[in-house]
Amino acid sequence: MCRTRFMDFFLFQSGWGWRRAVFILMMVSILAGCARLSGSTSPGSKNSANGLLLFWRSIESGIQESGGAIPAAGGYIQLGRPVSVAAWADYVYIADAGRQAILRYDRRREVFSIYYRMPITAATRIIVTGGEYLYITDPLQSRILYLDRNAHLLREITDFNLKQPVAITADDSRDQILVADAFYNQILIFNKLGRLIQTLHPVDKTGAPLAGLTDMVVSKGKIYLLDRLLREVVVTDLDGRYLQTIGRNRLQQPVAMRIDETGRIIVADAFDNSLLFFSKNDRHKISAKSESVMTMQLAGMDLHENWLYLVDVAAARIQVMKLLFPAAAAGQKK
């Protein structure tokens, strides 16, 4: 269609020398429009360099869901400064420091709603657990908010040991919530009722406290701690005892981490906007692969049902990518 429009315009303008400048400007505009149309992606339309990801789409703006409890101006919502993301089923929850609210995006219907208004900082983090219950860190008030899918505040988790929450994760095997506190460089473990049951003080392989905690994941009986100052992942057991270090000399500015169902550790590095995949080979040595991603400034990440949600704070968007497993990635290369 774009080529037809271009040729029709060219034939019409070919005899009009005095409008040559206008013709050139119009031609550039038409070609730019064609580029925008061809640049839209669909699942599986573009592979990453190593075949580990399929680029899909971006979430940037949309119409507000009709009947929303908190209306948006003009009925249209545009991301301002997203800092954290969490996904569950068809819903994507976004902590937006520009709008000072948690936004919810319905992937199926492609509509936004303002889920919950609260102060949002660069350190605000959100997770979604089974049944669509949300945990939100509130560093300004030293607390964790616990809400249901209808944005009803069910509980505020506070404790005199909780000063600066910077990361949160769920240990489903023990029905516990783990919170990383950057002020005291410790991990607080709460039960589902919000009661503190254990405090951990993790250290690196030299025995020094982790002073740059920025993200955390519990997987298969281990705690994985991402330290932005050490630029590595420290692994401990569930009681906080040191086990191993991953990613040393490979990470520059790590901002987020997730672990897929095969055990691969995925770290988002804002230094060069890349994802690093750490996995064990047949000899149980840690190997790594790196993938550049289509972002301007990585700030956060979530993984749900093999879909990666990347927070691009500079471009004010959430980049969505399909995560491939080794067998699938090999098949894509053939």
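Computed quantities for the displayed model
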{"item": "Residues of region 239-292 that turn out to be small (G, A, S) and in a loop (DSSP other than H, G, I, E, B), as a count", "result": "4"}
{"item": "Filtered residues of region 225-238 (kept if in a loop (DSSP other than H, G, I, E, B) and either surrounded by 14 or more Cβ atoms within 10 Å (Cβ to Cβ) or touching a Pro at 6+ places or on another chain (Cβ under 7 Å) (or both))", "result": "R228, L230, R231, L238"}
{"item": "Of all residues making up region 251-261, the number that are open to solvent by 70 Å² or more (accessible area, probe 1.4 Å) and either farther than 15 Å from E232 by Cβ or modelled with pLDDT under 95 (or both)", "result": "1"}
{"item": "Hits in region 149-160 (condition: touching a strand residue (DSSP E or B) at 6+ places or on another chain (Cβ under 6 Å) and open to solvent by 20 Å² or more (accessible area, probe 1.4 Å))", "result": "A151, L153, L154, R155, E156, T158, D159"}
{"item": "Positions within region 107-126 being open to solvent by less than 20 Å² (accessible area, probe 1.4 Å) and either touching a Lys or Arg at 6+ places or on another chain (Cβ under 7 Å) or not hydroxyl-bearing (S, T, Y) (or both), in sequence order", "result": "F112, S113, I114, Y115, M118, I120, I126"}
{"item": "Condition met for A315 (at negative phi, open to solvent by 20 Å² or more (accessible area, probe 1.4 Å), part of a loop (DSSP other than H, G, I, E, B) and aliphatic (A, V, I, L, M))", "result": "yes"}
{"item": "Single residue of D96, D90 found to be touching a Gly at 6+ places or on another chain (Cβ under 6 Å) and either open to solvent by 30 Å² or more (accessible area, probe 1.4 Å) or free of Cβ contacts under 8 Å to residues at least 40 places away in the same chain (or both)", "result": "D96"}
{"item": "Unique match (being modelled with pLDDT of 95 or more, part of a strand (DSSP E or B), open to solvent by less than 20 Å² (accessible area, probe 1.4 Å) and of a type in the set (S, T, Y)) among Y135, Y146", "result": "Y135"}
{"item": "Test: residue in region 64-81 that is modelled with pLDDT under 95, touching a Gly at 6+ places or on another chain (Cβ under 9 Å), assigned to a loop (DSSP other than H, G, I, E, B) and under 26 Å from Q297 (Cβ atoms)", "result": "no"}
{"item": "Pair list, Cβ under 6 Å, 6 or more apart: region 43-55 residue farther than 7 Å from E291 by Cβ, other residue modelled with pLDDT of 70 or more and of a type outside the set (A, V, I, L, M, F, W, C)", "result": "L54/K322"}
{"item": "Matching residues in region 181-206 - criterion: being within 18 Å of V218 (Cα to Cα), open to solvent by 30 Å² or more (accessible area, probe 1.4 Å) and of a type in the set (A, V, I, L, M)", "result": "L196, I197, V203"}
{"item": "Hits in region 311-334 (condition: modelled with pLDDT of 65 or more and among the small types (G, A, S))", "result": "A314, A315, A316"}
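The values are calculated or read from the model by the stated rules, or taken from the named source; none is laboratory data. Since this is a predicted model, take the numbers as computed values, not measurements. Glycine gets a Cβ as well: all are built from the backbone with ideal geometry, and neighbour counts include every protein chain shown. Remember, those area values only see protein heavy atoms, side chains included, never the ligands or the DNA or RNA. Shrake-Rupley method; radii C 1.70, N 1.55, O 1.52, S 1.80 Å.
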